[in-house]
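To start, the structure itself, in C-alpha cells.
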C-alpha cells in the first residue's frame, strides 16, 4: 500500500452573503431596445456590493431633460442619472436612463444597445454606492470596476470600444 499523504486542511472559507436587494423597473416610454426587467436586475446585481433598494426608470428625452435641468442645472437629456437617498443600512436610490440618448450613443460608439445599457446601469449603481470620477485616481478605480463587472456580464470592455470608436 502506498503512503498517501492527506492534503493539509484548508482554512474554513468565510461565507460572504450575497447582498439583499430589491429592484423596481419603471418604463416612462416604450423603448424596444431597452433591456428586460430580468436583464436590468442582472446588471444591478452584478454591480452591487451591499444591500440595496433601487428603482430603474427608462424615460424619454423630455423627462430626461427636465430631470437633468432640475437636479444638475444642465438643459439637455443625459444618458444616466443617479439619485441616492440613503446609504445606511442599505443603498436606496434611483437610476434614470434616457432611452433615446442611450440608443444614439450605442450607435455612435458601434456597440449594441444592450451592451451600452449594461454599462450605464453598472455605472449608475456604482455611483449609488459612492464611486466617483471627479479626479483621476477615483476615475481610474471606477473605470476598472466597471470593466471588471461589464466583461463579467459577457460584454466587451466599454472603454476599449469607445476608445477605438473615437480614435481608431
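Counting only residues that are surrounded by 15 or more Cβ atoms within 10 Å (Cβ to Cβ) and touching a helix residue (DSSP H, G or I) at 6+ places or on another chain (Cβ under 8 Å), the stretch 27-48 holds 12 of them.
Please specify each residue of the stretch 80-102 satisfying the condition of being in contact with a helix residue (DSSP H, G or I) (Cβ under 7 Å, 6 or more places away or on another chain), over 12 Å from residue 54 (Cα atoms) and surrounded by 18 or more Cβ atoms within 10 Å (Cβ to Cβ). Walk me through it before giving the result.
Let us first name the residues in the stretch 80-102 that are in contact with a helix residue (DSSP H, G or I) (Cβ under 7 Å, 6 or more places away or on another chain), namely 80-82, 84, 91, 93, 95-98, 100-102.
Filter once more, so that each one left must be over 12 Å from residue 54 (Cα atoms): 80-81, 97-98, 100-102.
The answer is 80, 81, 97, 98, 101, 102.
Scanning for something modelled with pLDDT of 95 or more, more than 25 Å from residue 140 (Cα to Cα) and over 14 Å from the mean Cα position of the chain (by Cα), does the stretch 110-118 turn up at least one residue? No: the stretch 110-118 contains no residue that is modelled with pLDDT of 95 or more, more than 25 Å from residue 140 (Cα to Cα) and over 14 Å from the mean Cα position of the chain (by Cα). Yes or no: residue 51 under 26 Å from residue 17 (Cα atoms), surrounded by fewer than 18 Cβ atoms within 10 Å (Cβ to Cβ) and over 14 Å from the mean Cα position of the chain (by Cα)? Yes, satisfied. Looking across the stretch 122-141, the residues that are surrounded by 13 or more Cβ atoms within 10 Å (Cβ to Cβ) and within 19 Å of residue 96 (Cβ to Cβ) come down to 122, 123, 124, 125, 126, 127, 128, 129, 131, 133. Within the stretch 49-64, the set of residues being within 22 Å of residue 105 (Cα to Cα) and touching a helix residue (DSSP H, G or I) at 6+ places or on another chain (Cβ under 8 Å) comprises 56, 58, 59, 60, 61, 64. Summed over the stretch 149-168, the residues that are exposed (fewer than 13 other Cβ atoms within 10 Å of the Cβ) and modelled with pLDDT of 95 or more give a count of 2.
Among the residues of the stretch 65-77, just one is in contact with a helix residue (DSSP H, G or I) (Cβ under 7 Å, 6 or more places away or on another chain) and buried (at least 16 other Cβ atoms within 10 Å of the Cβ), namely 77. Could you say whether any residue in the stretch 127-137 is at pLDDT 95 or above, in contact with a strand residue (DSSP E or B) (Cβ under 6 Å, 6 or more places away or on another chain) and part of a helix (DSSP H, G or I)? There is at least one residue in the stretch 127-137 that is at pLDDT 95 or above, in contact with a strand residue (DSSP E or B) (Cβ under 6 Å, 6 or more places away or on another chain) and part of a helix (DSSP H, G or I). Applying the set (1) surrounded by 14 or more Cβ atoms within 10 Å (Cβ to Cβ); (2) farther than 21 Å from residue 30 by Cα to residue 117 leaves exactly one unmet item: (2).
The values are calculated or read from the model by the stated rules, or taken from the named source; none is laboratory data. No experiment lies behind these values; they were computed from the predicted model shown. Heads up, the Cβs are rebuilt from the backbone with ideal geometry, glycines too, and the neighbour counts pull from every protein chain shown.
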